[in-house]
Amino acid sequence: VYGGAAMVLHFQIDRVAHDVDAVIEREHGPVQQAVQEIGRLHGWGESWLNENVSIYLSKAAQAHDLTLFRAYPSEGGIGLRVLIASPRYMLAMKLAALRIGSDHRDIEDVMQLAQATGVATAEALTNLHRLYFPNDPLDARKIVIIGNIAEKLDASEQSG
């Protein structure tokens, strides 16, 4: 699980997520069937679990970048394992996906993840992105936005 849903699980924040960004690694058919049934049961539609996040996954991610959130029905038996991305990994992914427009959710997410991880300077943010996405350099537009985010983080740290 990644994105907003993972942030809710990590930080227990009150946030509305319209879908769950996730990747199904094994047994795709049975899991997708369960997702559709759960969506119908709760009135969420059949596509509440969104696998589009897979385009933002890093080949440089390590095992420690995902942690076990829950195992169903139990950790020791056969069943479902729900892993969530670490805040550092999500921060790097958010920097890679950074969208600009009327919805400031990406910038807010970057700020919250930067504060939670202590990665708050423009240099540290760009270095974190480079660590996870060494073959995908940030464009000039994202570098400017990251600089603005770092300035806001510094200002909030000095005032807080």
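Quick rundown of the values:
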read-out: Options 78, 100; residue that is in a loop (DSSP other than H, G, I, E, B), farther than 29 Å from residue 135 by Cβ and of a type in the set (Val, Ile, Thr); value: 78
read-out: Checklist (1) in contact with a helix residue (DSSP H, G or I) (Cβ under 8 Å, 6 or more places away or on another chain); (2) small (Gly, Ala, Ser); (3) in a helix (DSSP H, G or I) applied to residue 155, failing item; value: (1)
read-out: Meets criteria (touching a residue at least 12 places away in the same chain (Cβ under 8 Å), more than 30 Å from residue 125 (Cβ to Cβ) and open to solvent by less than 100 Å² (accessible area, probe 1.4 Å)) for residue 57; value: no
read-out: Any chance residue 98 is under 24 Å from residue 62 (Cβ atoms) and open to solvent by 30 Å² or more (accessible area, probe 1.4 Å); value: no
read-out: Residue count, the stretch 12-35 (criterion: open to solvent by less than 60 Å² (accessible area, probe 1.4 Å) and out of contact with any strand residue (DSSP E or B) (no Cβ under 6 Å at 6 or more places or on another chain)); value: 9
read-out: Of all residues making up the stretch 149-160, the number that are more than 10 Å from residue 120 (Cα to Cα) and surrounded by 12 or more Cβ atoms within 10 Å (Cβ to Cβ); value: 1
read-out: Subset of the stretch 106-119 [touching a residue at least 12 places away in the same chain (Cβ under 8 Å) and either surrounded by fewer than 19 Cβ atoms within 10 Å (Cβ to Cβ) or within 15 Å of the chain's Cα centre (by Cα) (or both)]; value: 106, 107, 109, 110, 111, 112, 113, 114, 115, 116, 117
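The values are calculated or read from the model by the stated rules, or taken from the named source; none is laboratory data. Fair warning: this is a prediction, and the values are worked out from it, not measured in the lab. Note that we place each Cβ from the backbone using ideal geometry, even for glycine, and neighbour counts take in every protein chain shown. These area figures cover heavy atoms from the full protein model, side chains too; ligands, DNA and RNA do not enter into them. Shrake-Rupley method; radii C 1.70, N 1.55, O 1.52, S 1.80 Å.
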